[in-house]
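Bear in mind these aren't lab numbers, they're just calculated from the coordinates by the rules spelled out. Because the structure is predicted, anything quoted here is derived from the model rather than measured. Here the Cβ positions follow ideal geometry from the backbone for every residue, glycine too, while neighbour counts run over all protein chains shown.
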Amino acid sequence: MLDKSALTLNADQVRRVCSLDHFEFETTAEVDPLVTIVGQPRGIRAIEFGIDIKMPGFNVFALGPTGTGRKTAIRSYLERRAQGSASPQDWVYVHNFDVEHQPRAIEFEAGHGSLFCTDLDELVTSLRNDIPSILEGPEFIDAVGALDEQFNAQREKIFQAISEEAQKHNFGIAQTPAGLAIMLLDADKQVVPPEKIQQMDESVRQELEDQHRQLQERLADAMREVRALERAQRGEQNKLRREVVANVVDHYVGEMKGHYDDHDEVLLYLGQVREDVLDNIELFAPGPGEEDGPVSPPARREDTRFRRYSANLIVDHSRTEGAPVVVEDLPSYANLVGRVEGEVWMGALLTDFSMIKPGALHRANGGYLVLRVADLLPQPGAWEGLKRALTNREIRIQESVIHSGLGILTPQTIDPEPIPLDLKVILLGSPTQYYLLYQLEEDFSELFKAKADFAATMPRDHDTESEYAAFVAARCAEHDLPHFQREAVGRLVEFGSRLAGHQDKLSTLFGQITDLIHEAVYWSQEDGQEVVGPQHVEKAIDEQRYRSNLYEERSLENIEEGIIFIDTAGEVVGQVNGLSVVGLGDYAFGQPSRITARVYQGKDGLINIEREVQLSGPIHDKGVLILRGYLGGQYALDHPLALTASLTFEQNYGGVEGDSASSTELYALLSALSGYPINQSLAVTGSVNQRGQVQPIGGVSEKVEGFYQVCRARGLSGEQGVLIPQSNVRNLMLRGEVVEAIRAGQFHVYAIESVDQGIELLTGAPAGEPGPDGRFPKGTVHHAVQERLEELYRRAKADRDLS
C-alpha cells in the first residue's frame, strides 16, 4: 500500500523563502544602485554585438514579453554606451541657387551648425543695413548724378539737332498723347490745324507731307538712339551700383569665408550667396512706396525676401554629449523620415528649404534609434520609409501631401538633397512579431541581423537576489523614495519567484516589480515609517489582490451558497474535484470544479460532453483521446473495449481548454468503472500520458490556493488537500496563509508521479500491479476496473450473438 507521507509536501517545499544571510545590508540605502540590465545576458550580448559590428544590416531586434522593461533598460544601457562616443555631425539645409527645388544639405562638426546659421544671419543683417546706406550716400548719388547729366546732355543734343532741322522747314516737335510728333508751324510758331493744311494747293500739301514724313522718320531714329542711351545709362548705373555694393558684400562674405576656409561646401555656398546678392541688389534697396504697395508671392512677408540667404538647422548637436539615443513613441512616416511643410498664400501652397522638418532618423543619426514594432507597423508608410533609409543608408525626405479643411493641397515641389545615414536601430517586439516579420517581410532578415532574446525569467541565486536589491536601490534613488529593509527586499524576491512561477527562478517583468515597490512605499508612508518593511510589501500584495479579486470572491460565494456544487468532505463514486485557472488579464486565480463520469453498456466509447456541444478546445479533446489510449493499453490486451462512458465538467458553461484535467477525468472514470468512491476532501490537477504518468501543468500555485479557499470557507478538517504532479513541486510559491495551514497540518499538498499513486490517495485502496498474465490482484482498483470492462464486453458479445 502507498506510503502517504512520502508524497506529502512540507511547508518548506511549497514556498522558497528568501534567505537573508547573504544580504550584507540593513536597508537598500547601503546598496549601490543597479545600472545594468538585469538577468538578460543573452539579450545584452546580442545588443553589444549588434552595436559593435560596423557592417550594414546588423540592426537589433529585441524580442521578449511585454513588461520586462526592455525599452527603459535598453535606453539606459545605450545612453551609457553613447557617453564614450563622439557627437555626430550637425546638418543644415540651404537654398540651392543653381537648382532651386533641390535644397542643399551641408554637414558641420557638432555645435558648428548653429554657429553657421548665426554667422549667416549676421551677414544678411549687415548687408541689409549697409547696402542701403551705401546706395543713399553722397558719393554714390553724385556718381549717379554725373551719369544722369551725361545722359541728359546727349539726349538734349539729339533732340536739338532734329529740332533745328525741323525748323528749317517750318516744322517743330510737339508733345501729343501718343508721344513726340513732328507738327507744321505757322509764322507765329503755332501748330497749323489739319483743316488748314487740307485747304492748301495739292502740290504744296504734297511737299509738306513728304517733308513731314522724312522728319518723322528722323524723329523715330532719334528716339531709338535716346532709348539706346537710356539702356546704356541704366547699364552704367547698374555697373556702378554693383561695383559699389560688391565692395560691401566682398568685405562681409570674405570675413565669413575666413571662418570656414577649410569647408569647401560652405565656401562654394558663400560664393553663390555673393553672386545672388549682387544680382538682386533691389531686394536690399526697395524703391519708394514698395513697402506700402501690394505684396507679391515671393515677398509673402518682409523677412521672406531674405529667406534664401538663411539656413535651416535640422540637426543640432551643440548640447549633445556623446552619441544620441532617440526613443520615438510615435513613429509615423513624417516623424521618422522628416517632412516638408508649407504655407498657403492666395490659394497656393508654397514651400521652400526653410520648411524642411527633421525626423527621428535625423536626430538619431550617428547614434541609436529605439522603436516599438507595435508603434511602427500601424503607421502608413513608416515601415517602408525605415526600410528604404536603412537599405540606401540615406535619409531622403519625399514630397508630402498636406490635408487642409478645404481638401488636399499639393505643395510646391522640392526635393531636398538626401543626408547620409549611419545609425543602429533597435526594434522592440514580441516573439510573434519577430517571426512573422521574418517570414513575411523579405528585407527584414537583411536589415535586422542581430536578434536579442529577452527572457521573462532568470535563475534565482544569491547573485540575482542581490541584483533585485540593487534594482530596488536604483528605483529608490531615481524617484527619491524611502529605502527598503533587507527583509522587505526578501519579500520582493519571493514575489519575483511567484511571478516567475518557479522556486529557482526570478521574474524579469520589472514593470510589475516597480509597481509593487511604489505601492509598498505608499503603505509605509501611510504607516508613518521612514523605511519600507516586509509588512508593507505584504500589504501592497494583499491590496493588489483585493483590487482584482472581485470575480474570485463571487465565485467562492457561489460555492459557499451551494449554487456551484463542490464537495470538500465525504466519498462519491465517479466524482472528482478538478482545478482550473481563470485568467482576468492582470489577475489569475484557481477555481475548483466538479468532474463526473458515468459508465454504462454500449459501444460509443468515451463521450466528452464538452466536445459534443463544442465547449472544449483541441488540447482538452486531445487529453480525452489520451484516456482512450490509457484504457486500451491497460485493460484491452485480450479483448476490445466495449463500453460507453460520459465525462463532463459539471456546471461549466464557458468552455474548457487545456489538458491539465486529464488525470482528474481519468480518476473519475476509474472510480465509475471500479465502484471505488473518491475522497471529496481532495482536489486534483495534472495531465496524464498514455502510460499513466502524471505530467506538469501551469498555474499550480493558483490551483492549490483556489481549493484551499473553498476548504477554509467551509472549515479546514485536516484531511483536505490537493494532488499535483511531482514535476510541479518547484513551481509552488504559495501564499503565506496556505503555507501556515500546511505547516499546522490543516491542509496538504501531495506530489505524485503516476495515476496509480493518485488513485490510491483518492480511494484509499491499492491500485494494483499486473501479474505475468496481465491480470490485476483482487481487492485493487485496477482489478475492479478490469472485471467491469470484461463484464461489459461479455454483455456486448452476447447481444451481438443474439442479433
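Only helical DSSP H runs with n ≥ 4 go in: add -39500 (n - 2.57) per run for the chain, normalise by residue count and round the 222 nm mean residue ellipticity to 500 deg cm²/dmol.
After summing the helix terms and dividing by the residues of the chain, the value is -14500 deg cm²/dmol.
In a Debye calculation with equal point scatterers on the alpha-carbon sites of segment 187-278 and no solvent, what is log10 I(q)/I(0) at q = 0.15, 0.24 Å⁻¹?
Each listed q corresponds, in turn, to -0.78, -1.14.
Which translational diffusion coefficient, to the nearest whole µm²/s, is obtained for segment 598-660 from the Stokes-Einstein equation, given a Kirkwood hydrodynamic radius over C-alpha pairs, 4 °C and 1.567 mPa s?
Numbers: Rh = 12.4 Å.
For the chosen part, D equals 104 µm²/s.
Under a Cβ-Cβ cut-off of 15 Å, what is the net charge of the residues other than GLU519 that fall near it, where Lys and Arg count +1 and Asp and Glu count -1? Could you put the intermediate results ahead of the total?
Numbers: positive: ARG475, ARG491, LYS539, ARG545, ARG547; negative: ASP515, GLU526, ASP527, GLU538, ASP542, GLU543, ASP586.
Once all neighbours under 15 Å are counted, the net charge is -2.
So how do 574-582, 654-662, 781-789 stack up, highest first, on mean other-Cβ count within 10 Å? Present the calculation step by step, with values, prior to reporting the outcome.
Values: 574-582: 23.9, 654-662: 19.6, 781-789: 21.6.
For the peptides 574-582, 654-662, 781-789, the packing ranking is 574-582, 781-789, 654-662.
Would you compute the Debye intensity of segment 316-390 from its alpha-carbon atoms alone, equal scatterers and no solvent, and pass along log10 I(q)/I(0) at q = 0.14, 0.23, 0.24 Å⁻¹ to two decimals?
For segment 316-390, the Cα-only Debye profile gives -0.53, -1.02, -1.07.
Hey, which of these cross-link pairs are over 20 Å Cα-Cα: LYS424/LYS451; LYS54/LYS451; LYS622/LYS797; LYS603/LYS778?
Details: LYS424/LYS451 13 Å; LYS54/LYS451 16 Å; LYS622/LYS797 29 Å; LYS603/LYS778 27 Å.
Exceeds cut-off: LYS622/LYS797; LYS603/LYS778.
Would you tally the net charge around ARG460, using a Cβ to Cβ cut-off of less than 12 Å, leaving ARG460 out, and scoring K and R as +1, D and E as -1?
Details: positive: ARG16, ARG498, LYS505, ARG730; negative: ASP461, ASP463, GLU465, GLU467, GLU494, ASP504.
After counting each charged neighbour, the total is -2.
Excluding residues on the same chain fewer than 8 positions from LYS196, give the lysines whose Cα lies under 21 Å from its Cα.
Filter leaves LYS168.
Which cross-chain or sequence-distant (5 or more) residues have an amide H under 5 Å from the amide H of THR648, H modelled 1.01 Å from N in plane?
Amide H neighbours of THR648, under 5 Å, 5+ apart: THR596.
Answer rounded, prolate or oblate for the chain, using the Cα gyration tensor with square roots of eigenvalues a ≥ b ≥ c: rounded when a/c is under 1.5, else prolate when a/b is larger than b/c, else oblate. Working shown, then result.
Working: a/c = 4.58, a/b = 2.94, b/c = 1.56.
Cα axes put the chain in the prolate bin.
Of the options SER701, GLY496, GLN233, report the single residue whose Cα projects farthest towards the positive end of the charge dipole of the chain (beta-carbon charges: Lys, Arg +1; Asp, Glu -1).
It is SER701.
Can you list the residues, at least 5 places off or on another chain, whose amide H is less than 5 Å from the amide H of ILE678, using H built in the peptide plane?
Those lying under 5 Å, H to H, from ILE678 are VAL572, VAL573, GLY574, GLN575.
Computed over the Cα atoms, what is the radius of gyration of segment 113-158 divided by 2.2 N^0.38 Å, N being its residue count?
Values: Rg = 18.5 Å, N = 46, 2.2 N^0.38 = 9.4 Å.
For segment 113-158, the normalised Cα radius of gyration comes out at 1.96.
Among the GluC sites (Glu not before Pro) in segment 525-632, which ones are in a DSSP loop with at most 16 other Cβ atoms within 10 Å of the Cβ? Mind listing them? Mind dumping the intermediate values first?
On the way: sites: GLU526, GLU530, GLU538, GLU543, GLU552, GLU553, GLU557, GLU560, GLU561, GLU571, GLU610, GLU612; in loops: GLU530, GLU561.
Within segment 525-632, the qualifying GluC sites (Glu not before Pro) (loop, at most 16 other Cβ atoms within 10 Å) are GLU530, GLU561.
Could you compute the net charge surrounding THR648? Neighbours are other residues with a C-beta less than 11 Å from the C-beta of THR648; K and R count +1, D and E count -1. Walk me through the numbers before you get to the answer.
Working: positive: ARG594, ARG598, ARG611; negative: GLU610, GLU612, GLU650, GLU665.
Spelling it out: positives minus negatives among the neighbours equals -1.
Subtract the Cα-Cα distance of SER85 and ASP21 from 0.36 nm times their separation in residues, and report this length gain in nm to one decimal. Numbers along the way, then the final one.
Working: separation 64, 0.36 × 64 = 23.04 nm, distance 4.14 nm.
Working it through step by step, the gained length comes to 18.9 nm.
Across all directions of projection, what mean area in square nanometres is found for the Cα convex hull of segment 501-650? Mind dumping the intermediate values first?
Numbers: hull surface 56.7 nm².
The number I arrive at for segment 501-650 is 14.2 nm².
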